[in-house]
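The values are calculated or read from the model by the stated rules, or taken from the named source; none is laboratory data. None of the values given here were measured: they were computed from a predicted structure. Counting neighbours? That spans all protein chains shown, and the Cβs are built from the backbone with ideal geometry, glycine included. Heavy atoms of the whole protein, side chains included, go into the accessibility calculation; ligands, DNA and RNA do not. Shrake-Rupley method; radii C 1.70, N 1.55, O 1.52, S 1.80 Å.
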Amino acid sequence: MTDAAVLTEQIRARLAGYERRFGARFEQYFRDLAADFDAPTSSRFTPECLDLLRDLSLRGGKRMRVALLFEAARLVTADPVEGLDDAALSIELLQAHGLIHDDIIDDSPTRRGGPSTYYAYRARFPDRPQAALGLALLAGDLALALSLRVLLDSRAPLPVRQAMVEVQTRAASATFAGQIADLERDFTADPAEDLLHDVAEYKTARYSVLAPLQLGLLAAGAEPGRHDEELRRYARLVGICGQMRDDYLDLFGDAAAMGKPTGADIREGRRNYTVRALLAVATGSERALVESALGDGACTEEAITAIRDIAERHGVPGKMTADMRRRAREAATEAAGWRPRWREEAVAFFEYLPRWSVERTK
């Protein structure tokens, strides 16, 4: 086995370890929350809301944000760090908030292999659609409040707690701005590439990459503000790679591996990286077919297959893959520049992450 293969296996083992460890910690958090949450004792809906939030949260995947957080602390020290578990809970609760609100905006019935929180409420109250919407919104808002409260209640030193709350508050506000820009994008017939990059950064990279980096460094006693520009460059590149891969998989991915049909973004009218690349090369009747399918919720599998064939004839998958790999190399080079001051094994993780974001299959 080559050195690169050994390193890859080591990193994957660390990722699996974070997933297992955090899963148990998250379960304990919700048990404690159910016992201690301050709500009217006469309310039946509040415990149900907590149950739905717990259900969505515990259906999480690889916990990559948690891994980023712990590896960011490992950049500084291999010793246990106070407050990391609390920061991990905060990250995943903020993620739950985003998922709940995304599913409302997109009218999505499923999430992580189960019903979305919005549709769970719709099933619970089929005759009260406005109440179902309101309860889903409030569940998302509660997740956001809990993500900040868990930091305020942390045993980390007070200055660290305050700095962490600031990081998460800024990450949340950036995500809201990114979501607004994401909706704006689909009002534009041919969105500029810079707009797509900005959406990827604000909607995803700021809270999924940058915030975990900042939180991990803060908990370990470092000052992320001293390295702000390079951390932001890295986060933006990884965010763009990840979003491009999501968009790519939606049309060119393996539906069985992803657990969902391809073409959802086209049916929902999303003018994303794949659609932009496709419209740049499609001509005449090809372009007319793509444009007619965009936003057509009843678009058939045959039409999606025809659009995929058009893209493949024009080399869109290869061009997108080459672009993703180029940006992944740029991100890895950015991380490699951290070696003079930070620990080798953690730097290697951050070099590996961009490649993972490009090569993943779901």
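Screening 221, 318, 225, 295 for residues that are exposed (fewer than 15 other Cβ atoms within 10 Å of the Cβ), touching a Gly at 6+ places or on another chain (Cβ under 9 Å) and of a type outside the set (Val, Ile, Thr) leaves exactly one candidate, 295.
Restricted to region 329-347, and to residues that are touching a residue at least 60 places away in the same chain (Cβ under 8 Å) and open to solvent by 10 Å² or more (accessible area, probe 1.4 Å), which residue is farthest from residue 72 (Cα to Cα)? Per the stated criteria, the residue is 330.
What tally of residues in region 126-150 results from selecting those that are surrounded by 15 or more Cβ atoms within 10 Å (Cβ to Cβ) and either free of Cβ contacts under 8 Å to residues at least 40 places away in the same chain or at positive phi (or both)? Step through it out loud before you land on a result.
Applying the first criterion (surrounded by 15 or more Cβ atoms within 10 Å (Cβ to Cβ)) to region 126-150 yields 132-133, 135-140, 142-144, 146-150.
The next check asks that each one be either free of Cβ contacts under 8 Å to residues at least 40 places away in the same chain or at positive phi (or both); those that pass are 132-133, 136-137, 149.
Of the residues in region 126-150, 5 are surrounded by 15 or more Cβ atoms within 10 Å (Cβ to Cβ) and either free of Cβ contacts under 8 Å to residues at least 40 places away in the same chain or at positive phi (or both).
Whenever a residue of region 301-327 is free of Cβ contacts under 8 Å to residues at least 40 places away in the same chain, its partners that are part of a helix (DSSP H, G or I) and among the charged types (D, E, K, R), lying with C-beta atoms within less than 7 angstrom and at least six residues away or across chains, give the pairs 310/286.
Among residues of region 165-191 that are closer than 29 Å to residue 217 by Cα, those with a Cβ under 8 angstrom from a residue that is exposed (fewer than 14 other Cβ atoms within 10 Å of the Cβ) and not β-branched (Val, Ile, Thr), sequence gap 6+ or separate chain, pair up as 165/152. The test for being outside any helix (DSSP H, G or I), among the aromatic types (Phe, Trp, Tyr) and open to solvent by 10 Å² or more (accessible area, probe 1.4 Å) holds for residue 187.
If only residues of region 190-218 that are acidic (Asp, Glu) and assigned to a helix (DSSP H, G or I) are counted, the one that is least open to solvent (accessible area, probe 1.4 Å) is 201.
Need at least 2 residues that are touching a strand residue (DSSP E or B) at 6+ places or on another chain (Cβ under 9 Å) and at positive phi per element, so show me which helices (runs of 4 or more DSSP H) inside region 239-292 make the cut, counting only ones lying wholly within it. Break it down into steps so the answer makes sense when it comes.
Values: elements: 255-258, 264-267, 273-281.
In region 239-292, there are no helices (runs of 4 or more DSSP H) which contain 2 or more residues that are touching a strand residue (DSSP E or B) at 6+ places or on another chain (Cβ under 9 Å) and at positive phi.
Is it the case, given these coordinates, that residue 221 is part of a helix (DSSP H, G or I) and either touching a helix residue (DSSP H, G or I) at 6+ places or on another chain (Cβ under 9 Å) or closer than 16 Å to residue 65 by Cβ (or both)? So that I can check it myself, show each step before the final result.
On the way: part of a helix (DSSP H, G or I): no; either touching a helix residue (DSSP H, G or I) at 6+ places or on another chain (Cβ under 9 Å) or closer than 16 Å to residue 65 by Cβ (or both): yes.
In short, no.
Residues of region 299-315 that are assigned to a loop (DSSP other than H, G, I, E, B) and open to solvent by 40 Å² or more (accessible area, probe 1.4 Å): 300, 314.
This table checks each residue for (1) closer than 27 Å to residue 183 by Cα; (2) acidic (Asp, Glu); (3) outside any loop (DSSP other than H, G, I, E, B).
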site: 132; (1), (2), (3): yes, no, yes
site: 137; (1), (2), (3): yes, no, yes
site: 155; (1), (2), (3): no, no, no
site: 159; (1), (2), (3): no, no, yes
